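Report on one structure; see the data block that follows.
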Amino acid sequence: MNQAAELSCREAARLMSRQQDAALTVAEQEVLKNHLYTCLSCRRFDEQLGFLRRLARRYGEAGPPIADDPA
Amino acid sequence: MADRKNINPPDRIAALFKEVESHRGYLLRFAVAKLRDTGQAEEVVQEALLAALDGVGGFSGQSSLRTWLTSILKFKIIDFQRRVISERAQFAAAPDEDESADPEWMERRYDDTGHWNPRLGEWANPDSALEQRQFFEVFERCLDKLPKAAGRVFFKREVMGVDTGDICKEEDISASNCWVMLHRARLALRDCLDRSWFQGGR
């Protein structure tokens with residue numbers, strides 16, 4: 001990465017997304033951590049990415065809860 | 001639990017039929033992600049559901065019904081692909097016609113300095129949404145709004161849990177292209193769920 005330690009949300013979002021699929025370099029982890037420390041929106045984005053993953057896995061495994069539970 | 005499993009009165013079978021049918025939408029999306037073609041996907045899902053209903057006694061209840069149906073569908077897809085290759089290779093997957101749909105939207109998500117605009121709202125207790133059927137309906141509608149290729153890549157990565165390396169090969173795209181598509185899909189889904197559910201859409 002050639003940008004300065006200051007990361008924009010656009011770049012941070014790309015890194016957070018890529019982190020879902022591959023390991024980031026130490027330098028990338030470092031700038032991302034610094035950005036998240038000061039940016040509430042990006043911390044939310046990171047959490048929401050994690051939730052999207054749980055949602056998608058649930059969707060592919062059990063699926064939604066059954067409408068009228070007989071129990 | 002154990003004695004319930006051994007009794008198969010007709011009304012239990014009927015309920016199971018109805019439940020099997022309720023997974024059709026998911027199975028169709030799964031098949032579209034693999035085959036790209038909606039018509040072919042419908043055909044193969046129909047075959048899988050018929051086979052499932054035929055062999056419903058083979059469902060042990062050890063995995064979820066969805067997982068069991070998906071495993072049947074996977075066999076049917078492989079079977080179908082073999083037939084397509086041998087009999088009708090001329091009906092190759094149709095190209096994606098919507099790839100150019102507004103390539104700029106992601107840039108508009110940020111202001112001139114690259115910060116979120118608008119900022120991201122909080123999702124209060126999102127995991128409780130996983131217990132609500134309507135939330136999954138919203139999720140499916142959001143999935144269907146994605147550009148086709150991005151939707152397919154997202155489905156393979158997040159729903160099927162395929163490695164990005166394998167997805168790149170299947171889709172014949174570069175790793176960086178794959179990441180761009182995944183990121184677009186995640187951001188679009190995030191915004192769609194935000195609009196349609198978490199910020200008062202419910």
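The values are calculated or read from the model by the stated rules, or taken from the named source; none is laboratory data. Please read these numbers as outputs of a predicted model, since none were measured by experiment. Quick reminder, even Gly has a Cβ in these numbers, built from the backbone with ideal geometry, and neighbours come from all protein chains shown.
Within segment B:134-143, the set of residues being surrounded by fewer than 22 Cβ atoms within 10 Å (Cβ to Cβ) and without any contact (Cβ under 8 Å) to a residue 60 or more places away in the chain comprises B:Phe136, B:Glu137, B:Arg141, B:Cys142.
Checking B:Phe75, B:Phe30, B:Phe80 one by one, the residue that is modelled with pLDDT under 90, assigned to a helix (DSSP H, G or I) and of a type in the set (Phe, Trp, Tyr) is B:Phe80 and no other. For A:Ala67, the stated conditions do not hold, so it cannot be described as at pLDDT 95 or above, in contact with a helix residue (DSSP H, G or I) (Cβ under 6 Å, 6 or more places away or on another chain) and either buried (at least 18 other Cβ atoms within 10 Å of the Cβ) or facing chain B (nearest Cβ under 8 Å) (or both). Right, B:Phe155: surrounded by 15 or more Cβ atoms within 10 Å (Cβ to Cβ) and in contact with a Pro (Cβ under 9 Å, 6 or more places away or on another chain) or not? When the stated conditions are applied, B:Phe155 does not pass them. Going through (1) in a helix (DSSP H, G or I); (2) more than 12 Å from the chain's Cα centre (by Cα); (3) closer than 23 Å to A:Glu11 by Cα one by one, B:Lys169 falls short only on (3).
Quick one: in segment B:117-142, of everything that is within 9 Å of chain A (Cβ to nearest Cβ) and among the aliphatic types (A, V, I, L, M), which residue is nearest to B:Val180 (Cα to Cα)? Among them, the one singled out is B:Leu120.
Yes or no, residue by residue, for (1) more than 14 Å from every other protein chain (Cβ to nearest Cβ); (2) without any contact (Cβ under 8 Å) to a residue 12 or more places away in the chain; (3) among the acidic types (Asp, Glu):
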| position | (1), (2), (3) |
| --- | --- |
| B:Arg12 | no, yes, no |
| B:Ala15 | no, yes, no |
| B:Lys18 | no, yes, no |
| B:Glu21 | no, no, yes |
| B:Leu27 | no, no, no |
| B:Lys34 | no, no, no |
| B:Val44 | yes, no, no |
| B:Ala52 | yes, no, no |
| B:Ser63 | no, yes, no |
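Take segment B:159-187 and flag every residue that is within 11 Å of chain A (Cβ to nearest Cβ) and among the small types (Gly, Ala, Ser). Scanning segment B:159-187 gives B:Gly161, B:Gly165, B:Ala175, B:Ser176, B:Ala185. Checking each residue in segment B:172-202 for being surrounded by 14 or more Cβ atoms within 10 Å (Cβ to Cβ) and in a loop (DSSP other than H, G, I, E, B) picks out only B:Ile173.
Against the definition (of a type in the set (Asp, Glu) and more than 8 Å from chain B (Cβ to nearest Cβ)), how does A:Glu28 come out, yes or no? For A:Glu28, the condition - of a type in the set (Asp, Glu) and more than 8 Å from chain B (Cβ to nearest Cβ) - is met.
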